[in-house]
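The values are calculated or read from the model by the stated rules, or taken from the named source; none is laboratory data. Everything numeric in this text was worked out from a predicted model, so none of it was measured. In this analysis, Cβ positions are derived from the backbone assuming ideal geometry, glycine residues included, and neighbour counts consider all displayed protein chains. Accessible surface areas use protein heavy atoms only, side chains included; no ligands, DNA or RNA. Shrake-Rupley method; radii C 1.70, N 1.55, O 1.52, S 1.80 Å.
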Amino acid sequence: MSKLVLAIDDDRLVHHIIDESLSQFCTLIHAKNGDEGIRQALKYHPDIILLDVEMPGMSGYEVCEKLKKCKQTADIPVMFLSSRKELDERMRGYNSGASDYIVKPFEADELKARIKVLYNYMQHSKRLSQDIKRAQMTAEIAMTDSGDMGRIMRYVGQSYHAHDLRTLGDYFFEFFLPLKLDVAVAFWYHNSAVFFAGEGAIQPIEQELLEQNREGSRFVDFGRRTIINYPKVSLLIKNMPVDDEAMYGRYKDLLPHILEATNAKIKDMEVSEEALSKVEQIGIVFEELSDQLIGISDHQTNKLVAFEAEIAKAREFVEQPLTKEQIDEFEKLFQHFSFLNDELSIIKYKLTEITEARHELIESLNRIAKPWGEEDVPAQTDIELF
């Protein structure tokens, strides 16, 4: 993925040098002072910021401190570009929150190499943060992996890896094995009903009972049987221990937890299926839009180069020198075209990001849709409920 770099410097020559050094290496945004730089950082959230130290208004150190105090920009690596090479200046840059410090004048290859290091550091930091979150989740599951709630947490983990109703049903019935309960279940998926039974095929009368009581109370008791209803799942227990008041009450407290998790999983499966379809449709539109904007941007760039060449010719070959007002008008017009060119570059960059994100999302949704093997998921059978 192309890197997005924001250069903040009041010297137009430095911007030109950065353009020459990095134009084929990354996408660039330019700002001429600290205030504009902060606005650009908030608007575009670049991957890396190149920041001058000495600027009118806020100094580079002050700009860096403000960026690091802002939640939206605090994680963006900052590299100072400075003519000051003293150690105390580097320490001041570090204390203000910078990740690197390069002394002017610099070589293009050195600047590219330092940007690569910063970009890799940023990506590595993100991966570490994700690893820490996963480790915390694993620790929480380990702490709760005992007793009733431990079994429910294990089922929640298993259901995460179930990407079709058959697999979800297998994990669902596995939960009930130690309970010695004979159960049947209805999954209300989209506009249809899918029935499963723990032992053999579900009977027609059981299907009718589940369908007829779907809109009924949360708990429907009749004889030794109980139906527990949720919007996306209904459970029929055929041998509820109604004679054992303590066990009966405990099951009524325990089973809604697994049904809530199952209900949420089925909703998630429905959303994922719909999302994949919509992502594919949106992707086609974005690809068409991207092709159009790339053509417009290339045309704009060519016109800008031609316009700059015409200005240079006009200054050299006109019979009468241009007035200051004419030069100022040409300069304003050129700056306007330059601004439009920068905006088009950002649009192209963002469209590239969207296209890549779309491909990644489709791959993720397709992986979700692919069932896992039994060996990938821990079983319930090694956990005792009572």
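Between residue 280 and residue 215, what FRET efficiency follows from the Cβ-Cβ distance if R0 is 22 Å, with the result rounded to 0.05? Don't jump to the answer; show the numbers that get you there.
Numbers: r = 35 Å, r/R0 = 1.58.
Efficiency computed from Cβ-Cβ geometry: 0.05.
Show the residues, 5+ positions off or on another chain, whose built amide H is closer than 5 Å to the amide H of residue 29.
Amide H neighbours of residue 29: 5, 6, 7.
Can you tell which of 210, 223, 155 lies farthest toward the positive end of the dipole of segment 144-287, using +1 and -1 charges on the Cβ of basic and acidic side chains (Lys, Arg; Asp, Glu)?
Of the options given, the answer is 223.
Given a 1.4 angstrom probe, I'd like the percentage of the accessible area of the chain that is carbon and sulfur, rounded to a whole number.
Ligands and nucleic acids excluded, carbon and sulfur reach 54 percent.
If you roll a 1.4 Å probe over the heavy atoms of the protein chains, what accessible area per residue do you get for segment 247-302, in Å²?
Per residue, segment 247-302 has an accessible area of 56 Å².
Taking the Cα centre as origin and putting +1 on Lys and Arg beta-carbons and -1 on Asp and Glu beta-carbons, what dipole magnitude results for the chain, to the nearest 20 debye? All intermediate terms of the calculation are to be shown ahead of the outcome.
Numbers: 46 positive and 67 negative charges, 130 e Å.
Dipole size: approximately 620 debye.
Any chance you could check the Cα centroid distance between segment 27-105 and segment 147-201 for me, in angstrom?
54
Compute the acute angle (0 to 90°) between the alpha-carbon long axis of helix 147-160 and the principal axis of greatest extent of the alpha-carbon atoms of the chain; round to the nearest 10°.
For 147-160 against the chain, the angle is about 60 degrees.
Given a cut-off of under 8 Å on Cα pairs at least six residues apart, what relative contact order in percent is computed for segment 209-281?
This gives 21 percent for segment 209-281.
For residue 238, go through the lysines and keep the ones whose alpha-carbon is under 28 Å away, minus same-chain ones fewer than eight residues off.
Straight-line reach from residue 238, under 28 Å: 180, 252, 265, 267.
Cα centroids of segment 218-275 and segment 332-360: how far apart, whole angstrom?
If we compute the Cα centre of each part, the gap is 52 Å.
Could you go through segment 257-274 in sequence order and give the Karplus-derived ³J(HN,Hα) for each residue, using 6.51 cos²θ - 1.76 cosθ + 1.60 with θ = phi - 60°, rounded to whole Hz, and x for Gly and Pro?
5, 5, 6, 4, 5, 5, 4, 5, 5, 5, 4, 5, 5, 5, 5, 4, 5, 5
Be a star and scan segment 223-254 for residues whose amide nitrogen sits under 15 Å from the point 7 Å along the Cα-to-Cβ vector of residue 208.
Flagged as within label range: none.
Got a sec to turn the phi values of segment 240-251 into Karplus ³J(HN,Hα) couplings, 6.51 cos²θ - 1.76 cosθ + 1.60 with θ = phi - 60°, whole Hz, x for Gly and Pro?
5, x, 5, 7, 9, 4, 5, 5, 4, x, 5, 5
Between residue 273 and residue 116, what's the calculated FRET efficiency when r is the beta-carbon distance and R0 is 45 Å? Round to 0.05.
0.65
Highest mean first, what order results for 216-228, 2-14 on Cβ atoms within 10 Å?
2-14, 216-228
Could you tell me which of 103, 63, 93 has its Cα farthest along the dipole of segment 59-119 towards the positive end, charges placed at Cβ (Lys, Arg +1; Asp, Glu -1), taken about the Cα centre?
Result: 63, furthest along the dipole toward the positive end.
List, in order, the whole-Hz ³J(HN,Hα) value for each residue of segment 346-357 obtained from phi through the Karplus relation with A = 6.51, B = -1.76, C = 1.60 and θ = phi - 60°; use x for Gly and Pro.
5, 4, 4, 4, 5, 5, 4, 4, 4, 4, 5, 5
Give the accessible surface of segment 1-124 per residue, rounded to a whole number of Å², with probe radius 1.4 Å and ligands, DNA and RNA excluded.
Details: 6390 Å² over 124 residues.
That works out to 52 Å² for each residue.
If I take every Cα pair under 8 Å that is 6 or more residues apart in the chain, average their sequence separation and divide by the length, what percent do I get for the relative contact order?
Working: 431 pairs, mean separation 53.7, N = 386.
Across the chain, relative contact order equals 14 percent.
Quote the FRET efficiency, to the nearest 0.05, computed for residue 201 versus residue 360 with a Förster distance R0 of 35 Å and r equal to the Cβ-Cβ distance. Don't skip to the answer; put the middle values down first.
Numbers: r = 41 Å, r/R0 = 1.18.
Approximately 0.30, to the nearest 0.05.
Under 19 Å Cα-Cα from residue 303, which lysines qualify once same-chain neighbours fewer than 8 residues away are excluded?
Once the sequence-local lysines are set aside, what remains near residue 303 is 313, 332, 348.
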